[in-house]
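Below is one structure, written out as C-alpha cells; comments come after it.
The values are calculated or read from the model by the stated rules, or taken from the named source; none is laboratory data. Since the model is a prediction, treat every value here as computed from it, not as a measurement. Cβ coordinates were reconstructed from backbone atoms using ideal geometry, including for glycine residues, and neighbour counts include every protein chain displayed.
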Amino acid sequence: MMVQGQHLSVYLAVSLDGFIATQEGNVDWLHHIQGDGDNGYEQYYSGVDAMIMGRNTYETIIGFDVPFPYSGKDCYVYTNTRYGADENVAFINGTIEDLISSLSTRSYTKCWIAGGGLLISELINNKYIKELIVTIAPVILGSGIPLLTGIKDFQSLNLVKTTRYGQFVELHYDFK
C-alpha cells in the first residue's frame, strides 16, 4: 500500500555487518572513513519534503552538540511516549496506520524515513516504503542497532543503481 502521491524513502548508512549505530546509538564510526564530498547527501536532501524518524533517532540527533540539522524541513517523530511538538518536530502517536494517515493529509511528494530500524522495519512490513538507499561503510561493528529487525515476509527489491563515494558504496533499491 502506498500513500497517495507520496514517496516514502529510507536513506541511511550501515556497517558491513548491518548496523546503523552502536548499541548506545553512536555513529562516530562513520566519520573515520574516507568518503567523497558529502557522499550524495545534499542531492538526496534537496529532494525531500519532510523527515520522519523514531523517538530514539530523534533523541540521538538532539543529543549532538550542533543545531538541529533538519530545521528547513517539516519533521515528525513517530512515538507513543512524547506528545504535541517541540521547537524541532511534531510528535505523531498511535499505530503505523495513524502515522501514514497523518502524512496523507499533507501534500508531500517525498518523505525521508531517517530511522530507526524498528520504524523502518514496521513500514517495510506494511509495504509503505517505496525506495531503500543504503550506503555501506567498510567497518564491522560486531553489535549495535540493526538496520532491519522483525521483517515478516520475503520481499524482493529492484537494484536501481550503485554509486561509490570513496570507501563507501551506495545501493539504491526500489521495492517491487
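Please find, among SER46, SER71, the residue that is at pLDDT 95 or above and under 29 Å from GLY166 (Cβ atoms).
SER46
Among what's in the range 25-44 and is of a type in the set (Phe, Trp, Tyr) and surrounded by 15 or more Cβ atoms within 10 Å (Cβ to Cβ), pick the residue that is farthest from VAL139 (Cα to Cα).
Step by step, filter the range 25-44, then rank; the result is TYR44.
Kindly indicate which of GLY25, GLY35 is more than 19 Å from CYS111 (Cβ to Cβ), outside any helix (DSSP H, G or I) and in contact with a Gly (Cβ under 7 Å, 6 or more places away or on another chain).
Step by step, each of GLY25, GLY35 is checked, and only GLY35 is more than 19 Å from CYS111 (Cβ to Cβ), outside any helix (DSSP H, G or I) and in contact with a Gly (Cβ under 7 Å, 6 or more places away or on another chain).
Tell me yes or no: at least one residue of the range 66-82 is touching a Gly at 6+ places or on another chain (Cβ under 7 Å) and touching a residue at least 40 places away in the same chain (Cβ under 8 Å).
Checked against the condition, which is being touching a Gly at 6+ places or on another chain (Cβ under 7 Å) and touching a residue at least 40 places away in the same chain (Cβ under 8 Å), the range 66-82 yields at least one hit.
Can you tell me which residue in the range 6-24 is nearest to the chain's Cα centre (by Cα), limited to those that are buried (at least 18 other Cβ atoms within 10 Å of the Cβ) and more than 14 Å from ALA114 (Cβ to Cβ)?
PHE19
Could you tell me which residue of the range 1-58 is farthest from ASN93 (Cα to Cα), considering only residues that are among the charged types (D, E, K, R) and without any contact (Cβ under 8 Å) to a residue 24 or more places away in the chain?
If we take residues in the range 1-58 being among the charged types (D, E, K, R) and without any contact (Cβ under 8 Å) to a residue 24 or more places away in the chain, then ASP38 is farthest from ASN93 (Cα to Cα).
Every residue in the range 125-149 that is of a type outside the set (Lys, Arg) and more than 17 Å from VAL14 (Cα to Cα), please.
ASN125, ASN126, TYR128, ILE129
To keep it simple, each residue is scored yes or no on (1) in contact with a strand residue (DSSP E or B) (Cβ under 7 Å, 6 or more places away or on another chain); (2) surrounded by 13 or more Cβ atoms within 10 Å (Cβ to Cβ); (3) hydroxyl-bearing (Ser, Thr, Tyr); (4) under 25 Å from GLU42 (Cα atoms).
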residue: ASN80; (1), (2), (3), (4): no, no, no, no
residue: LEU99; (1), (2), (3), (4): yes, yes, no, no
residue: THR109; (1), (2), (3), (4): yes, no, yes, yes
residue: ILE120; (1), (2), (3), (4): yes, yes, no, yes
residue: LYS130; (1), (2), (3), (4): yes, yes, no, yes
residue: ILE133; (1), (2), (3), (4): yes, yes, no, yes
residue: PRO138; (1), (2), (3), (4): no, no, no, yes
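Which ones in the range 49-68 are at pLDDT below 95 and among the β-branched types (Val, Ile, Thr)?
Of everything in the range 49-68, those that are at pLDDT below 95 and among the β-branched types (Val, Ile, Thr) turn out to be THR57, THR60, ILE61, ILE62, VAL66.
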